[in-house]
C-alpha cells in the first residue's frame, strides 16, 4: 500500500484545516477515491492509521456514505435520479432505456468496463428533470435522443 | 436535590440523575436495551420512552435528567402503546431463532415481547437476511440478523478496552454490526460483549449450544484467575444428560459471567478469568490418594502423611510450599497443623505472568496471594527442607513450584502435577470451584468464594485433610466442623482478618483490616 | 408588477460568479458596514428585528438562533459557524442556484453570520454531488481571501475568519444539523440527542451555529437596507423577506422563482410556472415544502406560500420545494417512491425509523404492484403513527407525515389498488423497477 509524497502532502494540507484529524475523514476518503478510483480495505487501513482512528470507523464511513465506491465502477458512472420530481418527468423510462441501450441492469457495470448504471436519490436538479449525473457532471433536461447522442460521444 | 413524582410516588434524587436511573434505584424497571451503567448513553433503542407532563412528546428515560417538580408516568396508555410499537419494530426483521439461540431464557427481546408486546405480528413482508454464525474472534460469534443495533458492544470496545474493533457498517435498515475485514475481536476482554448483548447476536463460542440457561445452577463466587478477584457467577449444568438412563446430572461448570462490584471489577471480567474453568476441566484431577506410587485409601494416605510430616517437623527438616490460589481457611488450617507438628518455613509460591494492565488484569495470578502471605508470612522457598508439604492448586505445569530433586514430598491438591507424581503421599483436595473459603485480593479486600459443585472422586476441602493429618499424628486437632469455624479461628488469630465473618463478607466482600476503606 | 429580484439579482448576469462583478453591483458593502460600524450583537439584533426565519426547512427565527451563542469567546472553546449546503430535500434546488450563480452572496452572508456569532472559521458543508458548485465556491473563496474579505484580518480589522468548504459524500441525513456536525467531525452521519443544543455544545463540543445557504444570503440585504425594510417585504411580522421557491413536476416552466414570502401558490404554478404541463391534465396534488411535508389536494391549493399560512392548512413551507402532480399521477406510485427515499436515507440509528421506513416502503410497493391486502391502509397509518414523535431526529416524522397525508387524502385511490389490483389513473405503474 503506497500513497506517494504528493498525495500525502495533499492529505496533510486537508488535515490542517480542522482542529482534530478525524474531521478530515470525508475529504481524505475523497482523495483516496480520486487517486485510486475506489476505496479498498488496504486504503481504509491507511486512512485509519493516518487519522488516528480504528479501521472499523473508516469502514463504517465508507459504507455509510453512498458516493464512496468499494469497487471500481465503469469509466462512465451514470447516476440517474429517480426521486419524485424526476419520476414525474420520466426518470423510470430513462432508466429502462439506459438498461436496454447499455445491455446492463441497474447496479451493474458493462463487460467492457465503460459504463456503470445506478439509481440515486434527489440530485437537487428537479427543474431540469429527467436528468442524471455522469461522473461529476450533471446532464439535464434529458430526452432519449439526447441520451443516445451523449452515449455515442463517449469512449 | 430535585424532587420527582414517578407514577404517583414522590422521590428525591441527586442532581443529574436520569428518569431511568431514578426508577432503577427504586427497583422499578423501565424496559431498555441500549442503556448500560458502565457505558455512555446512546438513546437509540427508544424502548425506555416515558411520559413527562407538559412535554409535547414522549422522552427517553435513559437520557432525560430529573428536574425538580417533574411528573413522570411510566405505565399509562401512551407509554404502553409506544412500548408495544417499539417491540413490534424490533421484531419485524428479527429471525425466529429462539429454538437454537443461546440467549433464550435470558433474552430481553423475549421478556419484553411478553411483557410489553402485542403478541401478534402484523408483518407479512420478507425479513432482512444477513450473515449468521460469523466467527469474529477467538471467543465470540456474531449473528447479524439477531442484532438490534443497540451499539453496546461497539461502545464497550471504544470506551472500555479502547480497541475499537467493532463498528456499524452500511446504513438504515441495512445497518449491521461488523468487524473490519481481516481483523479479529481479540482484546483480552472480548467476552464481555456477549454479556452486554441483550439478545443472541453475540454469543460465546465456549458456551454455544452447551445447555439452556434455565438448567444452570448459579453460584456467586470469586474468580481464581488472578489477584483481582473479579466477582462472578458460576453456572453449573443441571441438565440431565441423555446418555444415561439413570438421569445423571451433568454438574460441571458451563460458564462464568461477571457480576457487578464497583470496588473490584465494575461490570467486567477478562477472557482468561471467564474461561478458567476450562483449564480446570482440562487438567488431570487427582481423584484418589496415592502412596509410594500406588493407589491407597484416604486413611492410609493420611496416616502416612502424618508420619512423614511429624518426623520431619521433629527433626526440623520440614518445609511447605503453598499455592497462592488456596483459600485462606486452607492455608490457616495447614499452618496450624504444621505449627503443631514442629513448624518449618512456609513459602507462598509466586505465580506471576505478564504485567498489570489498565483495566482488571493483574500480573500476580495468585487469587489469594495476599491472604496466604498474611497467614503464612513472606518466607523464602524452603530449599533446606528435606520433607516438603506441597499444597497445590496451580493449573499449568509451567506454574508448578519447582521442587529440588530428592526432596520427600507430601502433596495435597486437586491436580495431578509434577510434585504429585513424585510425591511420597498424594491426597486429593477440592479445587477452587468445589469448596468455599475466603480470598483476599491485591487491594486487601476479603471476598467469599463459594462452592459451586461437589468435589470429584475422593477430593475434599484441604482444611479437613489438615485436621485429619493432625489427628493421625496424635496431636489435638481443633474442633472445626465448617469453613465458618475455620474463618472464625483465623479471624481471631491473624490480625488482618480480624472482624471478618461469612456474613460480613456478603456478596461483595469487605476491605480487610488496615487496608484502604476498612 | 414583478417583484424586485433581491436574492437572485445577480443570477443571469454575465460573469456573475466573479468577485469583480459582485463588487460592481455593490457586493461586500454590507460586510464593510458590519465590520466597520456594527457590533456582533448589534448585527444579531438587526437580524432578529428583520424576522428572518431559517430557509432550510424548520423556519426557526435566525436572529434568535444567533443570540443563543455565548457573548464572549472562551479561547479553549472557539465558536464555529456551519453553513448547511447539504441540500437534499426532494424538490429543492435553490441553494444550488445561489452557490453556482452568486457564490459571493453566499460567502458574504456567511461572513456576516460568522461575525455576529464571533466565529473565526466557517465550514460550508456541501453535498458531495454538487461538484460544480464546490468548484465555484472554492474559486470564490480564493478571490475573497485575496481581497481581504475573508481570511486573516478582514478588511484590515482585527477579526479573522477562515472559510473552508467540506464535501459530503451522499447522505440526506447530513442535512439534519446534529448529523451534519457528526459528519463534519469525521463520523457516520448520526443525529445526536438534544440537549445539549449546538450553541451550548456543538462541533468538537464547542459553541456552534448552523444556518442554511439561502438564510445567510438574506443577511447582506438586512445589513444594507435595514430590518424595517426586510419587514416590508412579505408578510410582517413573522413571514418576512424575499423567498426562493423551487417549482418542479408537471408544470411548463419548472425552476427557481423569487418572490416575497407569501406568494400565492396558484400564482406560482399558473403564472410564473406557466401552468400545467399538459392542458388536458388538470392539477391533482401539490407537495409544498419538499417531500417531508403533508400533501395538498388540488382543492386545497388556494393558499399563500409562507410559514404560517401553510401551517394553518396542515402542512409546511419546509424547504419550499413545490412539487406539482397532475391527473396522470398515480398517488400510490408517488407515495411508494417517496417512501423509498426515506428508507434509503434513514441513518439506521433508532429503532422506529430504521425498521419502520423499510416496512412502509414494502407495503406501498405491494399495494402499487397489485398485491395489497385490506388491512394495509390502516397498517400504513398505524406504522406512521408509531414512528412519529418517537425518533431521535425528524427523518422519521418526515417519512410518516407524507404517508399519513397521502393515505388519508387519496384513500379511494389506494383502496382501488387493493381491491382491483389496478390503477385509477390508468397509468401503469412500473413494477419491478425497484
Take the stretch B:50-78 and flag every residue that is in a loop (DSSP other than H, G, I, E, B) and touching a helix residue (DSSP H, G or I) at 6+ places or on another chain (Cβ under 7 Å). B:58, B:61, B:62, B:64, B:66, B:74
Would the stretch C:119-138 turn up any residue that is surrounded by fewer than 24 Cβ atoms within 10 Å (Cβ to Cβ), more than 20 Å from residue C:203 (Cβ to Cβ) and away from chain A (no Cβ under 14 Å)? no
On the given criteria, is residue B:481 outside any strand (DSSP E or B) and under 15 Å from residue B:231 (Cα atoms)? no
Among the residues of the stretch B:79-97, the number that are more than 10 Å from chain C (Cβ to nearest Cβ) and out of contact with any helix residue (DSSP H, G or I) (no Cβ under 6 Å at 6 or more places or on another chain) is 5
Within the stretch C:322-341, work out how many residues are in contact (Cβ under 8 Å) with a residue 24 or more places away in the chain and at the interface with chain A (Cβ under 7 Å from one of its Cβ atoms). 6
Go through C:191, C:237 for me and flag whichever is crowded, with 22+ Cβ neighbours inside 10 Å, in contact (Cβ under 8 Å) with a residue 60 or more places away in the chain and either over 21 Å from the mean Cα position of the chain (by Cα) or assigned by TED's automatic domain parsing to the domain that holds residue C:102 (or both). C:191
For the stretch A:96-103, state whether one or more residues are away from chain B (no Cβ under 14 Å), modelled with pLDDT of 95 or more, within 30 Å of residue C:276 (Cα to Cα) and in contact with a helix residue (DSSP H, G or I) (Cβ under 9 Å, 6 or more places away or on another chain). yes
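Does residue A:106 satisfy the criteria of being touching a residue at least 12 places away in the same chain (Cβ under 8 Å), surrounded by fewer than 19 Cβ atoms within 10 Å (Cβ to Cβ) and within 11 Å of chain C (Cβ to nearest Cβ)?
On the way: touching a residue at least 12 places away in the same chain (Cβ under 8 Å): yes; surrounded by fewer than 19 Cβ atoms within 10 Å (Cβ to Cβ): yes; within 11 Å of chain C (Cβ to nearest Cβ): yes.
It is true that residue A:106 is touching a residue at least 12 places away in the same chain (Cβ under 8 Å), surrounded by fewer than 19 Cβ atoms within 10 Å (Cβ to Cβ) and within 11 Å of chain C (Cβ to nearest Cβ).
So how many residues does the stretch C:302-321 have that are within 10 Å of another protein chain (Cβ to nearest Cβ) and either more than 19 Å from residue C:250 (Cβ to Cβ) or free of Cβ contacts under 8 Å to residues at least 40 places away in the same chain (or both)?
Of all residues in the stretch C:302-321, those within 10 Å of another protein chain (Cβ to nearest Cβ) come to C:321.
After this cut, where a residue has to be either more than 19 Å from residue C:250 (Cβ to Cβ) or free of Cβ contacts under 8 Å to residues at least 40 places away in the same chain (or both) as well, the list is none.
Looking only at that region, the number is 0.
For the stretch B:112-138, which positions are assigned to a helix (DSSP H, G or I), away from every other protein chain (no Cβ under 14 Å) and either buried (at least 18 other Cβ atoms within 10 Å of the Cβ) or touching a residue at least 12 places away in the same chain (Cβ under 8 Å) (or both)?
Within the stretch B:112-138, just B:115 meets the criteria.
What residue, of C:371, C:409, is farther than 23 Å from residue B:176 by Cα and in contact with a strand residue (DSSP E or B) (Cβ under 8 Å, 6 or more places away or on another chain)? I'd like the intermediate steps shown before the answer.
Numbers: C:371 fails: in contact with a strand residue (DSSP E or B) (Cβ under 8 Å, 6 or more places away or on another chain).
The match here is C:409.
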Can you find a residue that is over 32 Å from the mean Cα position of the chain (by Cα) and part of a strand (DSSP E or B) anywhere in the stretch B:297-320? yes
Answer yes if at least one residue in the stretch C:143-156 is under 30 Å from residue A:139 (Cβ atoms), away from chain A (no Cβ under 14 Å), part of a helix (DSSP H, G or I) and modelled with pLDDT of 95 or more, and no otherwise. yes
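Restricting to the stretch A:109-129, and then to whatever is in a strand (DSSP E or B), touching a helix residue (DSSP H, G or I) at 6+ places or on another chain (Cβ under 8 Å) and more than 11 Å from chain C (Cβ to nearest Cβ), can you tell me which residue is farthest from residue C:255 (Cα to Cα)? It would help to see each step written out before you state the result.
Taking the stretch A:109-129 as the starting set, the residues that turn out to be in a strand (DSSP E or B) are A:109, A:115-120.
If we keep only those that are touching a helix residue (DSSP H, G or I) at 6+ places or on another chain (Cβ under 8 Å) as well, we get A:115, A:117, A:119.
Next, from what is left, pick out any that are more than 11 Å from chain C (Cβ to nearest Cβ): A:115, A:117.
Details: A:115: 30, A:117: 27 Å.
Restricting to residues being in a strand (DSSP E or B), touching a helix residue (DSSP H, G or I) at 6+ places or on another chain (Cβ under 8 Å) and more than 11 Å from chain C (Cβ to nearest Cβ), the top hit is A:115.
Within the stretch A:15-84, considering only helices (runs of 4 or more DSSP H) that don't extend past its boundaries, which have at least 2 residues that are within 11 Å of another protein chain (Cβ to nearest Cβ), without any contact (Cβ under 8 Å) to a residue 12 or more places away in the chain and over 22 Å from residue C:123 (Cα atoms)?
Working: elements: A:25-36, A:41-51, A:55-64.
Because the criterion is at least 2 residues that are within 11 Å of another protein chain (Cβ to nearest Cβ), without any contact (Cβ under 8 Å) to a residue 12 or more places away in the chain and over 22 Å from residue C:123 (Cα atoms), the helices (runs of 4 or more DSSP H) in the stretch A:15-84 that meet it are A:55-64.
If you scan the stretch B:444-457, which residues turn out to be in contact with a strand residue (DSSP E or B) (Cβ under 9 Å, 6 or more places away or on another chain) and modelled with pLDDT under 95? Walk me through how you get there before you give the answer.
Taking the stretch B:444-457 as the starting set, the residues that turn out to be in contact with a strand residue (DSSP E or B) (Cβ under 9 Å, 6 or more places away or on another chain) are B:444-453, B:455-457.
Across the stretch B:444-457, the qualifying residues are B:453, B:455, B:456, B:457.
Is it the case, given these coordinates, that residue B:407 is touching a strand residue (DSSP E or B) at 6+ places or on another chain (Cβ under 8 Å), at pLDDT below 90 and crowded, with 24+ Cβ neighbours inside 10 Å? Spell out the reasoning first.
Details: touching a strand residue (DSSP E or B) at 6+ places or on another chain (Cβ under 8 Å): yes; at pLDDT below 90: yes; crowded, with 24+ Cβ neighbours inside 10 Å: no.
Answer is no for this residue.
Report whether or not residue C:199 is away from chain A (no Cβ under 11 Å), in contact with a helix residue (DSSP H, G or I) (Cβ under 9 Å, 6 or more places away or on another chain) and assigned to a loop (DSSP other than H, G, I, E, B).
On the way: away from chain A (no Cβ under 11 Å): yes; in contact with a helix residue (DSSP H, G or I) (Cβ under 9 Å, 6 or more places away or on another chain): yes; assigned to a loop (DSSP other than H, G, I, E, B): yes.
Yes; evaluated as a whole, the condition is true for this residue.
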Considering C:237, C:288, C:264, C:254, which residue is under 19 Å from residue A:84 (Cα atoms) and more than 12 Å from every other protein chain (Cβ to nearest Cβ)? C:288
Please go through the stretch C:157-176 and give me each residue that is away from chain A (no Cβ under 13 Å) and out of contact with any strand residue (DSSP E or B) (no Cβ under 7 Å at 6 or more places or on another chain), ordered by number. C:157, C:158, C:159, C:176
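Go through the stretch B:139-215 and tell me which strands (runs of 3 or more DSSP E), entirely inside it, have 1 or more residues that are within 14 Å of chain A (Cβ to nearest Cβ).
Numbers: elements: B:140-142, B:166-169, B:176-179, B:202-204.
Per the criteria, B:140-142, B:166-169, B:176-179.
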Please count how many residues of the stretch B:343-369 are within 17 Å of residue B:321 (Cβ to Cβ) and in contact (Cβ under 8 Å) with a residue 24 or more places away in the chain. 15
Looking at the structure I just gave you, is residue C:36 farther than 30 Å from residue C:293 by Cβ, in the same structural domain as residue C:201 (by TED's automatic domain parsing) and not in a loop (DSSP other than H, G, I, E, B)? yes
Given the conditions (1) surrounded by fewer than 17 Cβ atoms within 10 Å (Cβ to Cβ); (2) part of a helix (DSSP H, G or I), every one holds for residue B:90 apart from (1)
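The values are calculated or read from the model by the stated rules, or taken from the named source; none is laboratory data. None of the values given here were measured: they were computed from a predicted structure. Heads up, the Cβs are rebuilt from the backbone with ideal geometry, glycines too, and the neighbour counts pull from every protein chain shown.
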